[in-house]
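Written below as structure tokens is the structure these notes are about.
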Amino acid sequence: MDNNPATRVRLDTNESPFNTPYNRFPDDALEQLKVAYGKRENIPPSCIYFCGNGTEQAADLCLRLFCLHGDLAATAVPTRSVYRRRALASGVELQEVEQSEASGYRFQCAAFMQRVNPRASLLFLCSPNCPTGQLLAVAELEALLARFKGWVVVDESYIDFTPRQTVLPLLARHANLLLFRSFSRGWSAASLRVGVILARPSVVSRIAETGYTYPLSSMQIEEVQQHLRKISDVCKWQRALVEERGRMAAALRQLPGCNKVYDSPANFLLARFADNEAVERALLQRGIRVKRYAEGLRITIGLPADNAALLAVLRG
């Protein structure tokens, strides 16, 4: 980016002179977006790297950068399938360490570290986790960061529904920590496909060297800026989903065939029924889709009418 105010004619980047503003690469606009998002999160722009294809691209970049020949990545399951999918695409072995159902799938550092392969150079953890909704305990994460000598990614794609539980303050104390953020859920902007990596400036510089020259398009940048400008609306949407989540959890727990509803600070609930497959099939017959896991059905919180329709099917 050229910050020289005397520059009036740009003939160095192979851009077309026609069709302003889309003819120019979005250098300045991306830097402005980093400043705006940094103010929102109270972090400097140098700690921010935007990804133009969500947290999938963020995972790709980390796997490419931090997993050298012979290394592997690891994660605690159940969790998001994106880590397995991107590791497979990157040719990186992924170790999946099962978490105990008896502990409510809560992450426990000591048990996890006992089972992680010593060749692991990168860990993926999700908080709140999907589909279980579990948050990483700060003490467990700090214990992990102290013991593990590789890189630790905490995927906070759902943290906007419980922002006080972010582990962002730990970046100042742990150089091997990276965070993922997403505009898909809490910002109600899934179609923008914008993700964020937060890390120390030196780490962000390394990621930028590996990543794309222009990771976001001008249209993506403008839309994210608009969401930042209408933050009061975004917060209102988040509060509405949290309120609906509470009502849905209470209603699901009253159903005779529902064995368990896990607590969740995200925009979904994990519910285990006596016959998960039969429940999913009944919902599909009425045009309602949920996501089935081995642990239960993940039910995304929708509009009140959508949630009422799902409950009506389940109540028979």
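When the square roots of the Cα gyration tensor eigenvalues are ordered a ≥ b ≥ c, the ratio a/c for the stretch 158-201 is 1.5 or more and a/b does not exceed b/c, which makes its shape oblate. Among 59-70, 93-104, the peptide with the highest mean count of other Cβ atoms within 10 Å heads the list, and the full ranking is 59-70, 93-104. Shape call for the stretch 27-229 from the C-alpha gyration tensor, a ≥ b ≥ c root eigenvalues: rounded (a/c under 1.5), prolate (a/b greater than b/c) or oblate? Here the stretch 27-229 falls in the prolate category. Modelled this way, with points 7 Å down the Cα-to-C-beta line, the labels at ARG119 and ASP263 are 3.9 nm from one another.
Exceedance of the 27 Å cut-off in Cα-Cα distance is limited, within the set LYS260/LYS291; LYS34/LYS230; LYS39/LYS149; LYS39/LYS236, to LYS39/LYS149.
What the pair-distance distribution of the stretch 222-316 shows, using all Cα-Cα distances binned every 5 Å from zero, is 2, 13, 23, 22, 15, 9, 7, 6, 3, 0 percent. Using only Cα atoms and rounding to the nearest 10 degrees, what angle (0 to 90) does helix 276-285 make with the longest principal axis of the chain? The angle comes out at about 70 degrees. Axis of helix 304-315 versus longest Cα principal axis of the chain: the two differ by about 30°, to the nearest ten degrees. Label zone of SER103 (point 7 Å out along Cα→Cβ, amide N under 11 Å): in the stretch 122-152 this covers 137, 140-141.
Throughout, read-outs are computed from the coordinates displayed, never taken from laboratory work. This one's a predicted model, so the numbers in the text were calculated from it and none came from an experiment. FYI the Cβ positions are ideal-geometry reconstructions off the backbone, even for glycines, and counts take in every protein chain you see.
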